[in-house]
1. Considering every Cα-Cα pair within the stretch 361-416, what fraction, in whole percent, is farther apart than 15 Å?
2. Using a cut-off of 30 Å between alpha-carbon atoms, which lysines can reach LYS467, once sequence neighbours fewer than 8 places away in the same chain are excluded?
3. Kirkwood hydrodynamic radius, computed over distinct alpha-carbon pairs, for the chain: how many Å, to one decimal?
4. Output the relative contact order of the stretch 77-204, whole-number percent, from Cα pairs under 8 angstrom with separation of 6+ residues.
5. Over the chain, what is the percentage of antiparallel beta bridges among all DSSP beta bridges, to the nearest 5?
6. Find the centroid of the Cα atoms in the stretch 215-289 and in the stretch 360-384, then give the distance between the two in whole Å.
7. Of all the stretches in the chain, which is the longest one without any exposed loop site, taking trypsin sites (Lys or Arg not before Pro) in a DSSP loop (any state but H, G, I, E, B) with at most 10 other Cβ atoms within 10 Å?
8. As an exercise, identify the GluC sites (Glu not before Pro) in the stretch 474-532 lying in DSSP coil whose Cβ has no more than 14 other Cβ atoms within 10 Å.
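Since every read-out is calculated from the coordinates, none of them should be taken as a lab result. Quantities reported herein were computed from a predicted structural model and do not represent experimental measurements. Cβ: placed from backbone, ideal geometry, glycine included. Neighbour counts: every protein chain shown.
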Amino acid sequence: MSENTFNGLNTVITRRTTLLMGAAASLSTLMPVLPAFADDAGDNRPELRIAVQLNPVSQETVDAASNVAFRNNYSIHETVLALEMRGDFSVKPNLGTSWTWISPTVLEMKLRPGVIFHDGREMTAEDVAFSFGPERLLNKDAPGYPTYRTSFTSLDHVEVVDPLTVRFVTKFQDPIFLQRLACYAASVISKDAWQKNGGNWTTWRQKPVGAGPYKVESYTANESVILVSHDQALRGKPAAKRVTLRIVPEVSSRIAGLLAGDYDIVTDLPPDQLSSVSDSPGHAIVGGPVPNHRILFFDKTNPALKDPRVRQALILAIDRQAIVDTIWNGRTRVPNGLQFELYGPVYLKDYPAYKYDPDQAMQLLKDAGYNGEEIEVRSQNNYYAAENPVTQAVVAMWQAVGVNAKMKFVEGGKLFEGTSSRATGNWSSTAQIPDPFISFYTQFGAAGNLNSFKIWQNADFDALGAKMETAVDPADRAKIFRDMLHLAEWEDPAETVLHQNAVFFGIRNGIKWQPLPAFQMDLGAGSLSFEEQKS
């Protein structure tokens, strides 16, 4: 790392620290206040007030898959199976209690009796079959069809055997089908409620009827999502009567609201702001790394990036460890490639770590004939924690090797917008299941956003993905994954990892809650409780 690059990085951090610390500093000695209590007759449970950076535009899991959707919608829905998120992310029973492969392509599953939806109905096999059926998922005109293409491509149909037994029939022997049934999108909804809704998707996606610990009371665009307790939830009655997830875009405003007693929990705090919460009496920081990597995508249709050597140069010019040590204060890490240890036997432990080599970067730029064309780096203004300072650091590092890099703020919905200046931008990749197929191949393959927006397409990558989907032996899957990773990260770069993501929450005393090591916020019974405040 050159001295100039390091000094530029520190300048970015100092400026941001000064700007964001000021708003909350004067409030650091405020004491916590009592929680808000619901005024519903006969219900003395508290309300939980959470300040978030953004809410999803949909509360339907087959319609919205993003970091904020993972966080919110976990409270609204239950999936067929579940992942052991506080352990090794292995599959465990949930709505489905036991299962048997009666042939390589037929999975028979027993369902949990007594599961109650938000509309008061008891779940049956008909609801499961409908949730994974043509109208919601399988048909090309179904609202969930894009999710089918990314998460359930092996599924052919679901058969009802009896009221509490279903059979999932796949198109081929799928080694990760159980994991698919535990992914975020594998939710079961009330068939009756869907039909009574009359096919109005706009209404349904904001107030879907699931079986999670909370049901949607209201959705106000750009303002809030309000959830109310589902007292007959699978794990029992939640501790909070109501949960309000209110959008407060600015970090300083979220922290100020927490310290002033306006919020009980605030989400997505950057590392340089954690002490302003932890140093305040009556408040604490919880959270840490999650199975998500912050990445930059590359638009290879941009003339400046058409030559893969330019993209390779950009990869080599990033000092990731400096970003982790200086901006993230060592609270996260740099992984070896876009992969996660939870992939188990498919994880490539020996995959090479990212190199920082500005001299080689400059040589590659020279060899490629790069001539100072502007390269725009899109940032969503701290949608991701520390997104802006990390982007500023990357821009400074690229400028240090002679790249005409510029940071541009965009709204989340315009990250991939096809303008002539589109070149690279901030994104992330989540391990939805303990296997790279859904989180890696479907993100960068034919069904992914980069393909849909004509940012990056590669026929060899798609061919490898097709091989991986049907490969049963973990050793074979790992070999294919290695080839895919090398292709998408070096041979024809679609992306490069910056660091593993981490999610930190500010929380007031009196709330007993420990976040999952994932984006999902578990606010159900057994995970959230309130203590009486002592005067």
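1. 51
2. LYS92, LYS140, LYS171, LYS300, LYS306, LYS349, LYS355, LYS454, LYS479
3. 24.3
4. Relative contact order for the stretch 77-204 comes out at 30 percent.
5. Percentage antiparallel, nearest 5: 80.
6. 37
7. That would be 141-348.
8. Here the sparse-neighbourhood loop sites are GLU531, GLU532.
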